[in-house]
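Input: a single structure, listed below in structure tokens.
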Ligand SMILES: Nc1ncnc2c1ncn2[C@@H]1O[C@H](COP(=O)(O)OP(=O)(O)OP(=O)(O)O)[C@@H](O)[C@H]1O
Ligand code: SF4
Ligand SMILES: [Mg+2]
């Protein structure tokens with residue numbers, strides 16, 4: 001009750017913003033993002049307090065505005081005449097001018113930005129004349145494989161990096177540590193798409209034959225996207241190689257970070273105390289050392305979503321997944337700026353939401369920060 | 001070596017060495033002693049004299065690499081040196097517990113204190129979550145944390161240094177150990193809190209009939225508190241005696257120097273640094289003779305030539321390691337000679353020639 005009274009203004013405001021955001025995000029391409037944002041907000045409210053979470057969500061608004069402006073300016077400064085592309089070679093100067101007027105391209109820059117933003121706020125990303133499709137629909141169709149690829153990669157990277165980093169840090173300086181560290185460094189050095197090709201070669205298409213001996217397997221499909229609707233196991237089988245090839249370099253970075261933080265943590269006095277309680281090594285590592293060692297990792301994981309996006313676009317291409325990557329590539333080749341603009345905006349928004357989440361996660365893991373944020 | 005019948009802990013010829021880049025560093029050198037059930041032993045020595053390494057060697061809680069330990073540590077007639085890690089783990093907590101030198105860093109910053117206190121009980125005594133929590137509550141109350149119900153769910157940074165040390169004590173006591181080793185439990189705390197913490201440890205020891213090894217660099221801390229005192233220098237025991245005997249009749253020039261470096265013994269405790277002139281010896285290549293010789297005001301040629309053995313004084317249970325024990329006629333002569341040849345000035349302190 002006291003909480004309600006003290007924060008009534010904030011609650012009403014938050015509600016209003018959520019309604020506006022809903023109008024925006026209820027459109028399909030944003031529903032992922034919106035769902036995430038709600039989760040992030042709820043999570044923030046849970047681990048810190050409602051006020052802090054609301055403040056964090058609010059502070060996203062100017063950031064998102066700036067992002068949209070940058071995206072829009074970049075796209076408008078690209079060379080090429082969209083009207084010409086749409087009309088094709090047979091276009092007359094007159095018909096170009098007319099189409100430009102229809103599309104609003106004859107207006108000054110800020111008017112165009114204003115118009116676009118006005119539409120975006122209500123969830124309308126425009127219509128692509130070239131792809132003959134609503135951009136929002138196009139993105140919502142193609143973003144699913146991309147998000148799945150990114151999510152699986154991140155999960156795989158964490159599943160590989162956490163045990164490897166912990167073990168390596170615990171065994172610091174031993175041969176096991178060196179083996180793990182150098183192996184992971186190797187994965188960091190190989191570009192994603194090369195790893196993808198190697199994985200396909202040896203795990204999907206049967207590898208190579210040297211002196212009559214086959215080295216390699218045909219365990220997994222090499223390409224093609226299968227949606228979840230067609231069956232989970234088939235879906236995951238098709239996603240495994242792309243996710244793995246994207247995950248390994250991330251896993252290497254995560255592993256090295258966790259390893260070095262782990263080494264530092266294991267030297268701290270509270271680890272001695274934990275040992276002197278007679279706890280098993282596993283318990284000491286997981287219950288006492290992992291959490292205080294994971295702060296850098298969490299921050300970097302949030303940031304790595306950025307490079308994951310880039311990597312995902314290339315990986316999609318290698319594995320012919322119909323994701324945002326291929327959507328954007330098509331858009332760029334066909335000079336379809338409306339589509340590219342919309343896709344980049346959605347991706348940036350997602351990235352920012354994920355970063356916010358990793359910030360809040362940080363607070364959840366370190367109670368000392370939580371009390372600082374409450375005091376502030 | 002004499003073996004008390006009810007000995008809980010017998011340490012025999014304990015030696016701990018570190019492989020360092022500069023050579024083999026002997027941190028603990030041939031330490032032997034025994035401790036009976038319910039008794040307390042104060043271990044005193046300057047910084048670097050090997051107190052912490054000795055405590056950890058007894059607990060077998062040393063780093064795993066670049067280290068060599070020899071000798072035997074018999075606890076309840078089991079040789080800890082021969083126990084496998086998993087058997088040691090069963091002892092840590094229910095049989096022996098340790099309080100480490102850094103009270104502020106000893107608690108996990110990201111785990112609620114209630115959980116940290118309850119953890120040992122969950123692991124060793126098979127308590128359920130609920131049972132362990134209510135036991136933790138009891139423990140926190142016992143060590144003097146007010147409003148323990150609320151504080152169980154707080155994090156270490158929400159407590160003062162003294163309170164944190166009380167929690168560390170609660171953790172150590174949780175599984176009812178028979179031996180508690182407290183390594184400078186009050187060094188980082190301010191003077192008034194120091195006395196409270198020491199009183200708390202003393203009170204709990206009495207209640208639980210627990211044996212205690214109280215490590216400190218301050219002779220004043222153990223003066224009225226422990227049954228016996230053991231003075232360490234350069235990794236060795238240089239004097240050992242029941243507390244009263246030691247203060248009435250100390251034999252070791254080093255113990256005397258330690259005592260003189262405390263301005264007022266009546267004060268409950270002291271946080272100032274000890275200041276015996278000169279430096280403790282290098283523990284990698286220690287000089288041949290008595291390790292205290294370069295700083296001793298009674299030093300004679302013999303001291304530099306050979307190292308004195310740990311020998312018994314007239315009073316039972318009093319051991320010391322010196323050729324010219326304090327208060328003897330020989331030491332008076334030695335001091336007079338040193339004053340005559342300028343090794344010691346008129347005020348009675350050793351003259352140090354800087355090289
Ligand atoms: N892990 C280690 N590696 C190498 N040398 C060590 C290590 N730990 C301790 N030492 C050395 O062992 C000697 C004894 O150290 P110890 O910590 O036992 O001293 P202390 O009596 O506890 O001193 P303080 O009062 O400062 O705690 C010191 O010379 C120290 O440098
Ligand atoms: S043996 Fe000699 S140097 Fe050593 S303490 Fe005794 S008098 Fe001093
Ligand atoms: Mg110490």
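Structure summary
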read-out	value
Criterion violated by residue B:249 - all others in (1) away from ligand 2 (no atom under 16 Å from the Cβ); (2) surrounded by fewer than 18 Cβ atoms within 10 Å (Cβ to Cβ); (3) more than 17 Å from the chain's Cα centre (by Cα) satisfied	(1)
Within the stretch B:85-96, tally of residues that are in contact (Cβ under 8 Å) with a residue 24 or more places away in the chain and more than 7 Å from chain A (Cβ to nearest Cβ)	4
Residues located in the stretch A:276-301, provided they are within 7 Å of chain B (Cβ to nearest Cβ) and either touching a residue at least 24 places away in the same chain (Cβ under 8 Å) or touching a strand residue (DSSP E or B) at 6+ places or on another chain (Cβ under 7 Å) (or both)	A:276, A:277, A:278, A:291, A:292
Tally, over the stretch B:40-70, of residues that are within 14 Å of ligand 3 (Cβ to nearest atom), under 21 Å from residue B:22 (Cα atoms) and within 14 Å of chain A (Cβ to nearest Cβ)	3
Residue match in the stretch B:185-207 (condition: out of contact with any helix residue (DSSP H, G or I) (no Cβ under 9 Å at 6 or more places or on another chain) and on the phi > 0 side of the Ramachandran plot)	no
So residue B:229, is it buried (at least 22 other Cβ atoms within 10 Å of the Cβ), more than 14 Å from chain A (Cβ to nearest Cβ), without any contact (Cβ under 8 Å) to a residue 40 or more places away in the chain and more than 16 Å from ligand 2 (Cβ to nearest atom)	no
When residues of the stretch B:81-113 are limited to those that are assigned to a strand (DSSP E or B) and touching a helix residue (DSSP H, G or I) at 6+ places or on another chain (Cβ under 6 Å), the one nearest to residue B:166 (Cα to Cα)	B:99
Unmet requirement for residue B:197, which otherwise passes all of (1) within 16 Å of ligand 2 (Cβ to nearest atom); (2) surrounded by 24 or more Cβ atoms within 10 Å (Cβ to Cβ); (3) farther than 22 Å from residue B:58 by Cα	(1)
Residue within the stretch A:121-133 that is at pLDDT below 85, within 32 Å of the chain's Cα centre (by Cα) and part of a helix (DSSP H, G or I) present	yes
Failed item in (1) away from chain A (no Cβ under 14 Å); (2) within 12 Å of the chain's Cα centre (by Cα); (3) within 14 Å of ligand 3 (Cβ to nearest atom), with residue B:16 passing the rest	(2)
Conditions (1) within 30 Å of residue A:295 (Cβ to Cβ); (2) without any contact (Cβ under 8 Å) to a residue 40 or more places away in the chain; number of the one not met by residue A:153	(2)
Some residue of the stretch A:174-186 being surrounded by fewer than 22 Cβ atoms within 10 Å (Cβ to Cβ), more than 17 Å from the chain's Cα centre (by Cα) and not in a helix (DSSP H, G or I)	yes
Considering residues of the stretch B:71-84 that are at pLDDT 90 or above and out of contact with any strand residue (DSSP E or B) (no Cβ under 7 Å at 6 or more places or on another chain) only, the residue farthest from the other protein chains (Cβ to nearest Cβ)	B:82
Test: residue in the stretch B:215-226 that is without any contact (Cβ under 8 Å) to a residue 24 or more places away in the chain, surrounded by fewer than 21 Cβ atoms within 10 Å (Cβ to Cβ) and either away from chain A (no Cβ under 14 Å) or more than 16 Å from ligand 3 (Cβ to nearest atom) (or both)	yes
Within the stretch B:39-58, considering residues that are touching a helix residue (DSSP H, G or I) at 6+ places or on another chain (Cβ under 8 Å) and more than 8 Å from ligand 1 (Cβ to nearest atom), the one nearest to residue B:209 (Cα to Cα)	B:40
Residue B:102 within 12 Å of chain A (Cβ to nearest Cβ) and either buried (at least 17 other Cβ atoms within 10 Å of the Cβ) or in contact (Cβ under 8 Å) with a residue 40 or more places away in the chain (or both)	yes
Some residue of the stretch B:59-76 being within 15 Å of ligand 1 (Cβ to nearest atom), assigned to a helix (DSSP H, G or I) and closer than 27 Å to residue B:317 by Cα	yes
All helices (runs of 4 or more DSSP H) inside the stretch B:251-355 with 1 or more residues being at pLDDT below 90	B:253-260, B:329-340
Answer from B:301, B:333, B:345 - the residue that is more than 31 Å from the chain's Cα centre (by Cα), within 11 Å of ligand 2 (Cβ to nearest atom) and surrounded by fewer than 19 Cβ atoms within 10 Å (Cβ to Cβ)	B:301
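Every residue, every condition in (1) in contact (Cβ under 8 Å) with a residue 40 or more places away in the chain; (2) more than 14 Å from chain A (Cβ to nearest Cβ), yes or no:
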| residue | (1), (2) |
| --- | --- |
| B:98 | yes, no |
| B:110 | yes, no |
| B:120 | yes, no |
| B:128 | no, yes |
| B:131 | no, yes |
| B:144 | yes, yes |
| B:148 | no, yes |
| B:155 | yes, no |
| B:158 | no, no |
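The values are calculated or read from the model by the stated rules, or taken from the named source; none is laboratory data. Quick caveat, the model's predicted, so the values are computed rather than measured. Note that each Cβ is placed from the backbone with ideal geometry, even for glycine, and that neighbours are counted across all protein chains shown.
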